[in-house]
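See below for the structure under consideration.
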Amino acid sequence: MELSPEEYGAYWRASFRVAAGLLVIMIGQTATAPLFGYGNVGATAFGVFLLVALVLAGSFITVLGVARVVRTAVDAEMRG
């Protein structure tokens with residue numbers, strides 16, 4: 001698979017997007033863990049909401065990156 005410089009840049013930007021999405025998910029888990037330790041229902045509910053929101057955002061970013069990587073690879077294969 002021969003990549004042009006533009007495709008090579010797009011591939012690496014998409015790879016960084018995948019890494020950023022996974023990082024958002026991991027930070028979400030770490031940041032919300034203390035909220036689950038409290039016995040208060042409000043803190044636990046806020047922790048669940050925050051965790052779900054961050055996991056959804058991270059998953060969205062990751063899927064966009066994966067789609068871009070696949071698109072770049074398919075375009076390079078179709079061209080060559």
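Relative contact order of the chain: 51 percent, from C-alpha pairs under 8 Å at least 6 residues apart in sequence. Applying both filters, DSSP loop and at most 10 other Cβ atoms within 10 Å, to the chymotrypsin sites (Phe, Trp or Tyr not before Pro) of region 46-80 eliminates every site.
Hey, got a sec? Which chymotrypsin sites (Phe, Trp or Tyr not before Pro) in region 1-38 land in a DSSP loop and have at most 13 other Cβ atoms within 10 Å? Here the chymotrypsin sites (Phe, Trp or Tyr not before Pro) that fit, given the DSSP loop and packing criteria, are TYR38. The slack between VAL63 and ALA45, meaning 0.36 nm per residue of separation minus the straight C-alpha distance, is 3.8 nm. Each listed q (0.10, 0.13, 0.25 Å⁻¹) maps to a log10 I(q)/I(0) for the chain from the Debye sum over equal C-alpha point scatterers, namely -0.37, -0.51, -1.01. Taking 0.36 nm per residue of sequence separation and removing the Cα-Cα distance, the ALA31/SER15 pair yields an extension gain of 3.3 nm.
Taking Cα atoms only, the orientation of helix 5-37 departs from the longest principal axis of the chain by about 10 degrees. Relative to the longest principal axis of the Cα atoms of the chain, the long axis of helix 41-79 makes an angle of roughly 10 degrees. Remark: MET78, MET26 ranked as MET78, MET26, counting other beta-carbon atoms within 10 Å and listing the fewest first. Helical runs (DSSP H, four residues minimum) scored at -39500 (n - 2.57) apiece and divided by the length of the chain put the mean residue ellipticity at 222 nm at -33000 deg cm²/dmol.
Bear in mind these aren't lab numbers, they're just calculated from the coordinates by the rules spelled out. As the structure is a prediction and not an experimental result, all values here were calculated from the model. Positions of Cβ are generated from backbone atoms using ideal geometry, with glycine treated the same way; all protein chains shown enter the neighbour counts.
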